[in-house]
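A quick write-up on the structure given underneath.
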Amino acid sequence: MASHNLAHIKIDDLEIIGYSVAGEETVVAIPQLDVCFDVGKAPDQIISINHVLLTHGHMDHAAGIAYYLSQRNFCGQSAGTILAPKNLLGPIREIIDAWTRLDGNQIPANLVGVKPGDEYQIKPNLFARVFPTKHTQGSVGYCLVEKRKKLKKEYLGLTRAQIVELKKQGVEIDNPLEIPIVTYSGDTQYVDFSQLEYIVNSKILIAECTFYEDEHTVRAEAGKHMHIDEFAGLLNNLNNKHIIITHATQRTPMQDIRKILKESLPKDKYDKVTLFMDKRFRRS
Ligand SMILES: [Zn+2]
Ligand SMILES: [Zn+2]
């Protein structure tokens, strides 16, 4: 039986499921891409996903690490892969070791330490690219990039036989093509993500915007989170087709957040926004 009642959003052929409330729990999964961003308290619905991409070590994002790994073992699945900022691998190993002693069973794990600029292959054509955020020491975000090859313009009119012949001669007939599909920011204070082209053009942006009220600017600064005023500025320079907002505070009622969003964003941006935990915003 499912342990959580998760939010559920469908964008084209991708389903995005999860739960995200600031300070409580954040876990955002895309089962078709075999990826779960942060692990929250490890809801049952994400256990069979092979890759957890952890952004930082705060409890609301990372509490379920050992449970995720252990449940996979219990259900006869292969060891789960956890990508995490390099500086967190030591503490994560200690937690797994402690749980192994407590539980009495080995907990298989494939731990991968990452730093900004790294890429990790998720599927043959799908890579997780790591970028820096400003939240805790070593905190990162991830962009899922699909890599394809596209026939160079000059060879477009050729027959299959001619192309095979060129390949035989060792001619490079393709240009590499990168399609950024989803960017997940994790927790972060304002960063000018428009410096990174793959984030600017990512089809889907899943980003935190924690605070909305004017008097919460101080809280945003102290907790290294985004306030709507900064978030609106950030979106101005990005071209994402779909924007999913996560990690909203419980201090502001949902109806107020909706209202402030509408007032703060230009219409063309507002129309692309889905508040992850808002049932009224959900497209399916
Ligand atoms: Zn958080
Ligand atoms: Zn955090």
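Side notes on the structure shown:
- Counting only residues that are more than 16 Å from ligand 1 (Cβ to nearest atom) and either at positive phi or free of Cβ contacts under 8 Å to residues at least 40 places away in the same chain (or both), the range 2-48 holds 13 of them.
- The range 204-249, residues that are within 16 Å of ligand 1 (Cβ to nearest atom), closer than 20 Å to T183 by Cβ and basic (K, R): K224
- Residue match in the range 118-128 (condition: within 16 Å of ligand 1 (Cβ to nearest atom) and without any contact (Cβ under 8 Å) to a residue 60 or more places away in the chain): no
- Long-range neighbours under 6 Å by Cβ, at least six apart or interchain, first residue of a type outside the set (A, V, I, L, M) within the range 190-202, second at pLDDT 95 or above and assigned to a helix (DSSP H, G or I): Y190/E230; F193/I199; S194/V200
The rows are residues; the columns are (1) buried (at least 21 other Cβ atoms within 10 Å of the Cβ); (2) part of a loop (DSSP other than H, G, I, E, B).
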{"position": "H4", "(1), (2)": "no, yes"}
{"position": "I16", "(1), (2)": "yes, no"}
{"position": "V28", "(1), (2)": "yes, no"}
{"position": "Q32", "(1), (2)": "no, no"}
{"position": "G40", "(1), (2)": "yes, yes"}
{"position": "V52", "(1), (2)": "yes, no"}
{"position": "D60", "(1), (2)": "no, no"}
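- Residue that is surrounded by fewer than 20 Cβ atoms within 10 Å (Cβ to Cβ), in contact with a strand residue (DSSP E or B) (Cβ under 8 Å, 6 or more places away or on another chain) and at pLDDT 95 or above, where the choices are E230, E197, E208, E146: E146
- Selection within the range 150-183 - open to solvent by 70 Å² or more (accessible area, probe 1.4 Å) and touching an Asp or Glu at 6+ places or on another chain (Cβ under 8 Å): K150, E178
- Just one of the numbered conditions (1) within 16 Å of ligand 2 (Cβ to nearest atom); (2) open to solvent by 10 Å² or more (accessible area, probe 1.4 Å); (3) assigned to a strand (DSSP E or B); (4) of a type in the set (A, V, I, L, M) is not true of L88: (3).
- Residue match in the range 101-111 (condition: within 21 Å of V39 (Cβ to Cβ), surrounded by 14 or more Cβ atoms within 10 Å (Cβ to Cβ) and either small (G, A, S) or at pLDDT below 95 (or both)): yes
- Of all residues in the range 198-233 being among the charged types (D, E, K, R) and part of a loop (DSSP other than H, G, I, E, B), the one that is nearest to ligand 2 (Cβ to nearest atom): K224
- Which listed residue, of K41, K10, is basic (K, R) and more than 23 Å from V112 (Cα to Cα): K10
The values are calculated or read from the model by the stated rules, or taken from the named source; none is laboratory data. This structure is a prediction, so every number in the text was calculated from the model and none was measured. Glycine also receives a Cβ, built like all others from the backbone with ideal geometry; neighbour counts cover every protein chain displayed. What goes into the accessible areas is simple: the full protein's heavy atoms, side chains included, and nothing from ligands, DNA or RNA. Shrake-Rupley method; radii C 1.70, N 1.55, O 1.52, S 1.80 Å.
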